[in-house]
Every structure is written in C-alpha cells, then in structure tokens.
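Undergrad: Sharing a structure below in structure tokens format, with a few things to ask.
Each value in this text was obtained by applying a stated rule to the coordinates, not by laboratory testing. Keep in mind it's a predicted model, so treat the numbers as computed, not measured. Glycine also receives a Cβ, built like all others from the backbone with ideal geometry; neighbour counts cover every protein chain displayed.
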Amino acid sequence: MVDRSTEIVRKPRADAVRNRERVLESAKAVFSAGGSEASLEAVARHAGVGIGTLYRHFPTREALYEAVYRREVEQLGELAEQLQCAPEPVEALRRWLRANVEFVATKKGMVAALALVAHGSSELHAYSFDRLTKAIGTLLARAVAAGEIRADISAEDVLRALIGMCYMHDQPGWQTTALRLLDVFVDGLRLRPADKAAPGAKPAKKKSAGRKKTR
C-alpha cells in the first residue's frame, strides 16, 4: 500500500519535470527563430503541451525568459566541468569560450529577450555572472597550474573580454570576427618558452665576437 501510494505521488512529478524541460527546449527554439515577440502559444504547441500546462510552470513571459536564461547558463557551467578532463588545458578554455560565442550566434532573437531579463534583475545578473566566472575560473586555474597561461589574469577579466567580443552580435559577420579575436586573446595569454624558465635560471653567456687570433 505504501509503495503504491508513493508511485502515484511520484509519477506526476516525473511528468511535470518532463513537461517543464520540453517547454524550456521549445522556448529556446521558438524564441531563437521568432525573436522576443514569439507567442507563448507557439511555445506550447512546439512542446506538445496545453497553454495551461505552460502557465502552471511559467505564469508570465518574463518567468519563462528567466528560466531559459538560467538553463543556458547552467549548461555552460556543466560544459566547463566536462572540459576539466580534457587533455590540453588551454584548448579546453578556448573551446568553452568558443561555445559562448556560438551560443550567442545561434540564439538570434532570443539574445535580446534574455539580455532584458538579465539586466532587469540584479539577482539574475549576479547569479549568471557568478556562475560563468566560476566556470571560467576552473578552466583558467587548470591552465595556470599546467604552466601554460599567465597567472595575472582573473576569471572576471576573461568574462569581460568575452562580453566585449560578442558586443556587436547584431552586425553581419560578427561571429567570424569574434572567433578570430578570441583566438588572438587566448594565444596572448599563453606563456612563451622563455617565460616558463625557472626563476633562478641564468641566461646563457654570449660568445665573444672578437677577432680570431693569428699565428
């Protein structure tokens, strides 16, 4: 009797979780294609749920935007965790940064809507900034520990640089430019062989350029 009642309680919860995930995936697709003015009815149709189900999870358009935004930030954070196992720390950092550029490029109309939500909520802005800087920090620390990247740059510095590269996301061809700048930025963080030398190492003595002795 107890087990059966537990199953009855849990089943709707699982269905609710699946419906919520479908709505979020559909919202991402619909907003990306149609911009911030895309209707919530279109999102519900795409998800295969009734509009009532959508409103039970997300009572307002802003609530849905915020949920999508948080989900995207979480996925970027999870990607950083996965990349901690990558064999080359610098390339792992580069790949994560490129994923951010690709995120902005593929979201099109959704970017403006998400930006409004993020800037309109100080709590959400703080959350996203904190989550993304932590994601960068894990990858950056690994590259620094490997002696591949200079240690005088912070995760906040990297995030601000990334935001600057994506600033012109509404201009034609911006993604190509952003990815090129990203490569220049990451390569600029690399330590050169001379920088990796031990602190106590002395430079090699130069050979004298004097005249050869003649007999």
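Undergrad: So what J values fall out for the range 49-57 if you push phi through Karplus, 6.51 cos²θ - 1.76 cosθ + 1.60 with θ = phi - 60°, rounded to Hz, Gly and Pro as x?
TA: Residue by residue, the range 49-57 yields 10, x, 4, x, 5, 4, 5, 5, 7 Hz.
Undergrad: In a shell of Cβ-Cβ distance under 11 Å around M165, excluding M165 itself, what net charge do Lys and Arg (+1) and Asp and Glu (-1) give?
TA: Net of charged neighbours comes to +2.
Undergrad: Apply the Karplus parameterisation 6.51 cos²θ - 1.76 cosθ + 1.60, with θ equal to phi minus 60°, to every residue of the range 73-80 and state each ³J(HN,Hα) to the nearest whole Hz, in sequence, with x for glycine and proline.
TA: 5, 5, 5, 5, x, 5, 4, 4
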